[in-house]
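Student: Following this message is one structure expressed as C-alpha cells.
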Amino acid sequence: MRAVRFDSPGGPDILYVGNVPVPETKDGELLVKVYASAVNRADILQRQGKYAVPPGESNILGLEAAGVVEKVGPFCVSGWKEGDRIMALLGGGGNAEYVTVNEHLVMAVPPGMSFSVAASIPETWITAFQLLHFVGNVKEEDNVLVHAAGSGVGLAAVQLSKLASARVFATAGTDAKLSAASKFGAIHTFNYKEGPFAKGVLERSKGRGMDLILDPVGGQFWDQNSSVLATDGDWIFYGALGGVEVNGNLLGRLLAKRGSLKATTLRPRTLQYKAELVKRFSEKIVPLFANGVLKPVVDCEFPLGRIADAHRHMEGNRNTGKIVLVVRSEAEAQ
C-alpha cells in the first residue's frame, strides 16, 4: 500500500509516499480502507524528531482517518461490518491507504457527510471535547478563553463551548482566523500580534477573568494567562507552540487565585481512556453534525502525494480549520 514516509527527521522536503505492507489486524481491531486523513501538529513534531511514537503505535504519520471497513479482525464485539463508513481516532498510521484501529475508537460517518469532512473530526474534535468535558469540566455561563482559535482544535472548541452555553473569548494571529471564531460563537476576539490581550479580556469580562483557558501556546502566554485566570479557574495546557520556559511569579499568581494548571495530552492515553472518550463523543456530539448544529471546518485538501505541501501549509500557520489529505477518490466508495 502507499503511505507517507520519511527516513530521518527534518523539514517537509523529507516526506515522500512509499510502498509498505498492509497492516495485519490484531484481536479487537478493524482494517480500514482509508479515503481521507488529515494533518495535525503532532505530525509536524514527529517529522521533526520532537515527538516519539507511543509504544505499540504505527510510525506512519496520521492521527485520524475516514474510510470503509475492509476487514473485521478476530474477537471484535462492537458490531462493525465490512463496508461500514467510519471515522477513526488513531495513534498513528492514518496517512496511508489502509490502517488498523481498535474497534472501540471508531465512529460512524454522519449521514450525507463526505470522507474528507469526516477525516477532519476525530483528533481535532475529540481533543476539544476532552479539554472541555474530561479535563476542564466546562459549565453554563463560564468564561472560556480559546487560544489558537482559528486552528482545527480551536474552532471545534469555540463551537463546543458555545454548545455548553459558555461565553467564548478567542485569540488568534490574523483577522481572518478571528472572523471564523466569531462566526462560530466567539463573542470577544483578540489579535495577539497587535498587542497584549490580557487587558481587553479583563475589561470585557468586567474584571471576572476566565473560568477556563484552553492553551496550546505555553510559555509565550504564561504571563497574560495567569493575569486573566479567574478565581478558582482552570488553565488547561495542551501544547507548546510558544515554548515551555516560564520566568516569573507563576506559582504565586496561581496560589492567590486558587487556580489550577492542568497539562494534558491525548495520543499517549490508554485504550480504556480513549474508548470512553470516543463513546461519549459519539453519543453526545456526533449526532449534532448531521443536523447542522455543529460544523467541521475544512481549510483545504491536498492529495496524499502532496504531503510536503500540506505540512508547509500548517507550518506557515496559513490554515483556518483543518488540513485534509485525500487518499482515494470518494467515487471509489460508491
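Student: With charges only on Cβ, +1 for K and R and -1 for D and E, what is the dipole size of segment 160-233 about its Cα centre, in debye, rounded to 20?
Tutor: 280
Student: From the cross-link list Lys50/Lys81; Lys50/Lys322; Lys193/Lys262, which pairs have alpha carbons spaced over 28 Å apart?
Tutor: Going by Cα-Cα distance, Lys50/Lys81 fall outside the 28 Å limit.
Student: So what are the ³J(HN,Hα) numbers for segment 167-173, from phi and the Karplus equation (6.51, -1.76, 1.60; θ = phi - 60°), rounded to whole Hz, Gly and Pro as x?
Tutor: Those phi angles translate into 9, 9, 10, 9, 10, 6, x Hz.
Student: Using θ = phi - 60° and the Karplus curve 6.51 cos²θ - 1.76 cosθ + 1.60, what whole-Hz ³J(HN,Hα) does each residue of segment 53-70 get, with Gly and Pro shown as x?
Tutor: Values, residue by residue: 5, x, x, x, 9, 5, 8, 6, 5, x, 9, 7, 7, 9, x, 10, 5, 8 Hz.
Student: Continuing with the same structure: Please report, in debye to the nearest 20, how large the charge dipole of the chain is about its Cα centre when each Lys and Arg carries +1 at its beta carbon and each Asp and Glu carries -1 there.
Tutor: Value, rounded to 20: 680 debye.
Student: OK, next. Tell me the mean residue ellipticity at 222 nm calculated for the chain from its helices only (DSSP H runs of n ≥ 4, each -39500 (n - 2.57), averaged over every residue, nearest 500).
Tutor: Computed ellipticity for the chain at 222 nm equals -7000 deg cm²/dmol.
Student: How do 94-104, 195-205 rank on mean C-beta neighbours within 10 Å, highest first?
Tutor: Going by the mean number of other Cβ atoms within 10 Å, highest first, we get 94-104, 195-205.
Student: Something else now. Determine, for each peptide in 32-43, 258-269, the mean count of other beta carbons within 10 angstrom over its residues, then list the peptides with the highest first.
Tutor: Descending mean neighbour count gives 32-43, 258-269.
Student: Once Lys and Arg get +1 and Asp and Glu get -1 on their Cβ, which of Leu45, Leu251, Leu31 lies farthest toward the positive end of the dipole of the chain?
Tutor: It is Leu251, whose Cα lies furthest towards the positive end.
Student: Choose one of Leu294, Ser179, Gly233: the residue whose Cα lies farthest towards the positive end of the charge dipole of the chain (beta-carbon charges +1 Lys, Arg; -1 Asp, Glu; about the Cα centre).
Tutor: Farthest towards the positive end: Gly233.
Student: Rounded, prolate or oblate: pick one for the chain, where a ≥ b ≥ c are the square roots of the eigenvalues of its C-alpha gyration tensor, a/c under 1.5 means rounded, and failing that, prolate if a/b is larger than b/c, else oblate.
Tutor: It is prolate, given that a/c is not under 1.5 and a/b is the larger ratio.
Student: Tell me, what HN-Hα J-couplings in whole Hz come from the Karplus equation 6.51 cos²θ - 1.76 cosθ + 1.60 at θ = phi - 60° for each residue of segment 204-212, using x for Gly and Pro?
Tutor: In residue order, the calculated couplings are 6, 9, 6, x, 6, x, 9, 6, 8 Hz.
Student: Let me ask something else about it. Take the alpha-carbon centre of segment 84-106, take the same for segment 25-46, and report the distance between them in whole Å.
Tutor: 5
Student: Count neighbours as other Cβ atoms within 10 Å of each site's Cβ, and list the GluC sites (Glu not before Pro) in segment 1-93 that are DSSP loop with at most 10 such neighbours.
Tutor: Hits after loop and neighbour filter: Glu24.
Student: Determine the dipole magnitude for segment 220-334: charges of +1 sit on the beta-carbon of Lys and Arg, -1 on that of Asp and Glu, nothing else is charged, the reference point is the Cα centre, and the result goes in debye to the nearest 20.
Tutor: 300
Student: What percent antiparallel are the DSSP beta bridges of segment 52-201, to the nearest 5?
Tutor: 45
Student: Next up: If amide H atoms are built 1.01 Å from N in the plane of the peptide, which residues on other chains or at least 5 residues away come under 5 Å of the amide H of Arg318?
Tutor: It is none; the list stays empty.
Where a number appears in this text, it was derived from the coordinates with a stated rule and is not lab data. In this text the structure is predicted, and so the values were computed from the model without any measurement. With ideal geometry, Cβ positions are generated from the backbone for all residues, glycine too; neighbour counts draw on all protein chains shown.
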